[in-house]
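A.B. asks: Here it is, the structure, as structure tokens.
The values are calculated or read from the model by the stated rules, or taken from the named source; none is laboratory data. In this text, all values refer to a predicted model and were calculated from it rather than measured experimentally. Cβ coordinates were reconstructed from backbone atoms using ideal geometry, including for glycine residues, and neighbour counts include every protein chain displayed. With ligands, DNA and RNA removed, areas are computed over all heavy atoms of the protein, side chains included. Shrake-Rupley method; radii C 1.70, N 1.55, O 1.52, S 1.80 Å.
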Amino acid sequence: MCGLLGYQFLFDLRLSRIEEQMQGESTLFIAKLSQRLGAHIDVTKLLYADLARRNQNRSLPIEANSPMMVELFREFLTANSNMYQLRWLDDNGQERIKLIKHNKQILVIPEDKLVDKGHRDYFQAAKDIGLGNVYLSQINLNVEYGQVELPFRITVRTIMRTEFDGMQPGYLVANFQLNSLLDTFRHGASEQFQLFVADATGNWLLHPEPTKEWGNQLNHPEYNISNAYTELWQTIQSGERIGSVNTNGRLWRYMSLETELNNIAGAYEKTFSL
């Protein structure tokens, strides 16, 4: 009996330490993600403020494809390492100007290559943005001309309306890549536990088997928490933000994160860090 109790005590002690490490890793990921998103919001506000300032002494708003707008976009893309695309969309979602960073060069996309983004979820959701607010899109793989961009570019978009401060009605849209952030946690995984990250629908954003990531965009909807770990998914869906569950031969420590992603009229998206 004494031997059994001693073993149980040591097992519980070791388990407690692992749980602490698991929670620490999840908390660190959330902190790093929040820090990165906050920086992207700040940069977008600076861009808006600079554009508004240049409009102050003009009788008419700056034209979308004017040299002044091109130069401003070029400056911000050059100065911000994680920003790789800047656009201005008109009130219907049509691209009117688009600059991208490619192999350290800033390219201005020709007018005949600009496309209508009015159907995209981020544009539809951004219509409710108020004065001075920034909309953050879902985190997903970038899509160009109807195809997922290769190599994969993990993207979050910031959007601000521009019908204020004397500017033309429309939307500033900045694309930021998050590849380096997720790769840091992928390569820093512990031998004792693994970090999984999924969005509110259970789609994997970070998985020890990279081929199971982004299943919703890569025609593999079966790559999802609800399919792979049904009991875990049900536990997470129960409403508890933080907890543990032992299922599928593993101990899971989960944290359900409410972020500012898609925060429109107080509606938050949940991102799960497992």
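A.B. asks: Right, GLU213: modelled with pLDDT of 90 or more and closer than 21 Å to MET22 by Cβ or not?
C.D. replies: On the way: modelled with pLDDT of 90 or more: yes; closer than 21 Å to MET22 by Cβ: yes.
Here the answer is yes, as GLU213 does meet what is asked.
A.B. asks: Which condition number in (1) under 15 Å from THR162 (Cα atoms); (2) within 23 Å of the chain's Cα centre (by Cα) is the one that ALA64 fails?
C.D. replies: (2)
A.B. asks: Return the residues of segment 212-221 that are touching a Leu at 6+ places or on another chain (Cβ under 8 Å) and either farther than 22 Å from GLY146 by Cα or loosely packed, with under 13 Cβ neighbours inside 10 Å (or both); say none if nothing qualifies.
C.D. replies: Within segment 212-221, no residue meets the criteria.
A.B. asks: Since ASP90 meets every condition but one in (1) touching a helix residue (DSSP H, G or I) at 6+ places or on another chain (Cβ under 8 Å); (2) open to solvent by less than 30 Å² (accessible area, probe 1.4 Å), which condition does it not meet?
C.D. replies: (1)
A.B. asks: Same structure again: For residues in segment 222-269 being open to solvent by 80 Å² or more (accessible area, probe 1.4 Å), over 16 Å from GLU19 (Cα atoms) and part of a strand (DSSP E or B), which is modelled with the lowest pLDDT?
C.D. replies: TYR268
A.B. asks: Being at pLDDT 75 or above and either within 15 Å of VAL108 (Cα to Cα) or of a type in the set (Lys, Arg) (or both) is the filter here; which residues of segment 53-62 pass it? If you could, list the steps in order and put the result at the bottom.
C.D. replies: Here is the first cut: in segment 53-62, the ones at pLDDT 75 or above are 53-56.
Within segment 53-62, ARG53, ARG54 qualify.
A.B. asks: Tell me, which strands (runs of 3 or more DSSP E) wholly within segment 94-211 include 3 or more residues that are surrounded by 15 or more Cβ atoms within 10 Å (Cβ to Cβ)?
C.D. replies: Values: elements: 95-102, 105-108, 154-161, 170-177, 204-206.
So the answer is 95-102, 154-161, 170-177, 204-206.
A.B. asks: Among the numbered criteria (1) modelled with pLDDT of 90 or more; (2) within 23 Å of LEU206 (Cβ to Cβ), which single criterion is violated by LYS113?
C.D. replies: That leaves (2) as the condition not met.
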